[in-house]
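Only one structure is covered here, and it is reproduced in the block below.
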Amino acid sequence: MSLLAPLKQSDLFAFNLRNRDRWVAQQAALLPKGARVLDAGAGSAPYRPLFAHCRYETQDFKQLENHQLRHAAYAPMDYVCDITGIPVEDATFDAVLCTEVIEHHPEPIRVLYELARILKPGGRLLVTAPLGSGIHQEPFHYYGGFTPYWYRAFLEKAGFETIAVVPNGGSYRHFAQESVRFVRETRPFGPMLPATTSVAWAPLWLLLAPVLGLAVPLTCSWLDRFDKECRFTVGYHVTATRAPI
């Protein structure tokens with residue numbers, strides 16, 4: 001496992017987060033100087049520096065433990081509230097960012113309607129969420145993921161247009177991610193295996209680890225360019241524009 005540790009944050013082994021960070025940076029750069037932006041479900045607000053040219057504000061319900069947050073603590077928050085009841089007037093923001101949040105709310109469709117309410121006509125909505133993921137940030141994890149059909153159907157009903165839904169990598173990148181996860185989670189004497197099982201499992205794990213933790217991810221990274229359908233992508237990056245009211 002120590003052999004994999006130096007690669008943990010490389011694009012190959014953490015592409016999901018890396019791709020999302022790049023996408024948010026690209027979207028932030030498109031916003032004009034002085035645009036009023038809300039980071040909804042901001043948590044530790046990792047994207048604040050990307051919006052330095054904007055009037056950046058944050059919202060979160062602040063009920064997670066520090067260890068469940070990306071940077072192990074909440075950032076200063078402008079609005080502490082449920083995301084379906086943000087205490088601002090209609091058409092307040094030029095853009096709303098909402099990354100990896102809607103799967104953690106019991107009513108994600110209501111979330112879309114609220115974000116539509118607080119956006120100005122022509123305002124930009126930036127959303128990411130998984131298509132499939134393991135349980136995390138429990139007990140606030142209610143949905144396994146959202147498809148392009150869900151986004152297009154409910155964003156349009158909520159009052160959005162010009163909807164773009166882009167996969168975060170293809171199926172092979174997803175397979176690579178889970179192959180690495182298998183190696184990490186089944187390591188001998190790790191938290192998932194009892195000591196008695198680990199003793200018997202260790203020799204086989206040592207044989208499999210280089211294949212599943214390195215060879216498979218490298219191969220999948222190369223093969224991913226040939227996946228045109230992306231039916232097993234890890235998630236989607238979504239943009240939409242608030243339609244005229």
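The values are calculated or read from the model by the stated rules, or taken from the named source; none is laboratory data. These numbers come from a predicted model, not from an experiment. When we count neighbours, we look across all protein chains shown, and the Cβ atoms used for this are built from the backbone with ideal geometry, even at glycine. Note: areas computed on protein heavy atoms with side chains; ligands, DNA, RNA excluded. Shrake-Rupley method; radii C 1.70, N 1.55, O 1.52, S 1.80 Å.
So what is the relative contact order of the chain, in percent, for Cα pairs below 8 Å that sit 6 or more residues apart?
Relative contact order here is 21 percent.
Restricting to DSSP H runs of at least four residues, report the calculated mean residue ellipticity at 222 nm for the chain, -39500 (n - 2.57) per run over all residues, nearest 500 deg cm²/dmol.
Working: 6 runs with 76 residues, N = 245.
Calculated mean residue ellipticity at 222 nm is -10000 deg cm²/dmol.
What is the projected area of the convex hull of the Cα atoms of the chain, averaged over all directions, in nm²?
On the way: hull surface 56.1 nm².
Mean projected area of the Cα convex hull: 14.0 nm².
Using a 1.4 Å probe on the protein chains only, how many percent of the accessible area of region 128-172 belongs to carbon and sulfur?
That fraction is 59 percent.
Would you kindly state the longest site-free stretch of the chain, with sites defined as chymotrypsin sites (Phe, Trp or Tyr not before Pro) in a DSSP loop (not H, G, I, E, B) surrounded by at most 15 other Cβ atoms within 10 Å?
1-139
Starting from 0 in steps of 10 Å, tell me what percent of the Cα-Cα pairs of region 83-156 lands in each bin.
Per 10 Å bin, starting at 0, the Cα pair percentages come out as 19, 51, 26, 4.
Take the alpha carbon gyration tensor of region 34-122, find the square roots of its eigenvalues, order them as a ≥ b ≥ c, and report rounded if a/c is under 1.5; if not, report prolate when a/b exceeds b/c, else oblate. Display every interim value, and only then the final one.
Numbers: a/c = 1.99, a/b = 1.19, b/c = 1.68.
Since a/c reaches 1.5 but b/c is at least a/b, the shape of region 34-122 is classed as oblate.
Could you pull the Cα extents of region 122-221 along its three principal axes, largest to smallest, in whole Å?
Principal-axis extents of region 122-221 (Cα, largest first): 59, 34, 19 Å.
With the Cα gyration tensor of region 163-245 giving a ≥ b ≥ c as the square roots of its eigenvalues, does the rule (a/c under 1.5 for rounded; else a/b larger than b/c for prolate; else oblate) give rounded, prolate or oblate?
oblate
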